[in-house]
Amino acid sequence: MSSPAASSHALPRGPRLAKRLLILGWDAADRLVLEALFEKGRMPNLRRLIANGVFADLRTLEPKLSPILWSSITTGKTCDKHGILNFVEPKPEADGLRVIQSTTRKVKALWNIFSQTGHRTNVVSWYASHPAEPIQGHVVSNLLKEGEPKSLNEPWPLLPDVVHPAALANAVAEGRQRAHGFPREELRKVLPKVDEIGHGDELGRHLTEVMAYARSLEATAHTTMSAGDWDVTMVFFETIDTAGHHFMQYRPPRMEHVTPRQLRLYGDVIDRVYEWHDAALGRLLERAGPDTTVIILSDHGFHSGANRPNMHGLSPAQREELEASWHRPFGILVAAGPGIVPGSTAGPCSLLDIAPTALTLLGLPVGEDMDGRTLLEILAPGIERLTIPSWEQVEGDAGMHPPDLRQDPIESTAAIQQLIDLGYLANLPEDTKARVDMVNRSSRFNMGVSLMSRQQYDRAIPVFQALMEE
């Protein structure tokens, strides 16, 4: 029997430890790379936070796919509960695929819970956040950079529903950095030998696009933080992961297939990308103010030594199969500021513990249906973990999209096929149908992997059996 719905006004409340909470996602940030930089006296802003807070390993989940992991981080729930299973999903119109949408998420994210409890939240570029949800605060979705024209003279409109509220859209659009106009001196900071590689270098083009997006995200974060009072700001940077897939192979020690010239040109790109994040961190901390509690985390690590996979000479299909093997099973957790005990040690912790800990920092109860725990060992002494049965049962406006816009991509694919079988829809083109079917199968496979990794074999076996039969 389900528990009766509750009002957010009647919920148990604890002491509010964090006046403001700044949560930064650094996709694939790795402890081994960071510690090597620390030994050289680099990353001063992050080192300062760690000296006054906590630095811990953060266990990832399986499968190690970013939309799944970052949705688990912000919901505190595994993917069978939150419903985000892939990078892409079938379009409701049955004419192809689209980037995974916020309308597919089945449960409340942290920003929905915070909005429901009267907290103003800024959300910037979090995975699966498009279309932007109408919360109290500001949302700029992960499609911020889509549609950049090839010419600097062409207009660059935002896609619909990227920004909430719409009144902030012009400021966000103006703050974006075009890759085609990226300042060469800025590129030189992460690629000092840029003049040697020339304008046509593919790796240089990749890095330009990556850093233009990073600058756009930082500018957007400042725009939202300066647009009014806020309680929580959540910003996601994918730059370290994206750069890693292109440049980690060139970082010392030299891999067998890397030439001395490539090592000289690209060998320090990764370290410099990390340093860019540290500089951006310093600017965001200055904007947030000294009384802000900060959480920095990554969803997994990234191999940087002898365990790096060798992709040289592989076909695109082979590379795609092996890209996830770059990811180490532990990300990072850095926490500092009011409510965090400096020098405390976090016990074994996972991505699922971030949401419960963030709720406790704001004096809010944790849903008993969340799969993680509050990291009480790093919080101020005497703090207790308050709970409620589920935030899904709490009534009130959580700033979620209306139910008629939400969909389960697997169920919708089945419904589309049924309409085709009944003759109500023309058959999809074979190539489109094949892509939709492939995404459907891979999403269900990801669900099975998640269940298997948590030893829920009775639920996983039917998933794999159905896939085998197909």
* Asked: Using the per-residue mean of other Cβ atoms lying within 10 Å as a proxy for protection, in what order, highest first, do the peptides 145-157, 179-191 fall?
  -> 179-191, 145-157
* To do: Counting only C-alpha contacts under 8 Å and six or more residues apart, can you give the relative contact order of the stretch 96-199 as a whole percent?
  => 19
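Can you give me the % of accessible surface on the stretch 164-288 that is carbon or sulfur? Probe 1.4 Å, all protein chains present, nothing else counted. List each step's numbers first, then the result.
Working: 2440 of 5140 Å².
Exposed carbon and sulfur together represent 47 percent of the surface.
If you take every residue apart from H119 with its C-beta less than 15 Å away from the C-beta of H119, what net charge results, scoring Lys and Arg +1 and Asp and Glu -1? Display every interim value, and only then the final one.
On the way: positive: R13, R16, K19, R20, K108, R120; negative: E133, D229, D231, D397.
Charge balance in the 15 Å sphere: +2.
Over 20 Å between Cα atoms, which of K81/K108; K145/K193; K108/K433; K64/K433; K77/K106 qualify? It would help to have the intermediate numbers written out before the result.
Details: K81/K108 11 Å; K145/K193 27 Å; K108/K433 31 Å; K64/K433 26 Å; K77/K106 11 Å.
Table pairs above 20 Å Cα-Cα are K145/K193; K108/K433; K64/K433.
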* Quote the relative contact order of the chain in percent (integer), defining contacts as alpha-carbon pairs under 8 Å separated by 6+ residues. => 30
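With +1 on each Lys and Arg Cβ and -1 on each Asp and Glu Cβ, and nothing else charged, work out how big the dipole of the chain is about its Cα centre, in Debye to the nearest 20. Provide the component values of the computation, followed by the final result.
On the way: 48 positive and 58 negative charges, 259 e Å.
Value, rounded to 20: 1240 debye.
Would you calculate, for the chain, the mean residue ellipticity at 222 nm contributed by helices, counting each DSSP H stretch of 4 or more residues as -39,500 (n - 2.57) and dividing by all residues, to the nearest 500? Present the calculation step by step, with values, prior to reporting the outcome.
Details: 17 runs with 181 residues, N = 470.
The helix contribution divided over the chain gives -11500 deg cm²/dmol.
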* Return the label of the correct value of Cα Rg over 2.2 N^0.38 Å, as calculated from the structure shown, out of (i) 1.12; (ii) 0.98; (iii) 1.05. => (ii)
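From largest accessible area down, sort H199, H82; use a 1.4 Å probe on the protein chains.
On the way: H199 160, H82 0 Å².
Largest accessible area first, the residues go H199, H82.
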* Which whole-number percent is the relative contact order of the stretch 343-407 (Cα, under 8 Å, 6+ apart)? -> 31
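In what sequence, largest accessible area first, do D291, D404 appear using a 1.4 Å probe? Let's see the in-between values first.
Working: D291 55, D404 125 Å².
Putting D291, D404 in descending order of accessible area: D404, D291.
Near A36, within a Cβ-to-Cβ distance under 15 Å, what is the net charge of the other residues, with Lys and Arg +1 and Asp and Glu -1? Spell out each step's value before the answer.
On the way: positive: R31, K40, R42, R47, R251, R272, R308, R328; negative: D30, E35, E39, D268, D271, E275, D278.
For residues surrounding A36, the net value is +1.
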* Structure fact -> In the chain the DSSP beta bridges are antiparallel at a rate, in percent to nearest 5, of 40
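The values are calculated or read from the model by the stated rules, or taken from the named source; none is laboratory data. The structure presented is a predicted model; accordingly, all values stated were derived computationally and were not measured. For neighbour counting, all protein chains shown are included, and Cβ atoms are generated from backbone atoms with ideal geometry for every residue, glycine included. With ligands, DNA and RNA removed, areas are computed over all heavy atoms of the protein, side chains included. Shrake-Rupley method; radii C 1.70, N 1.55, O 1.52, S 1.80 Å.
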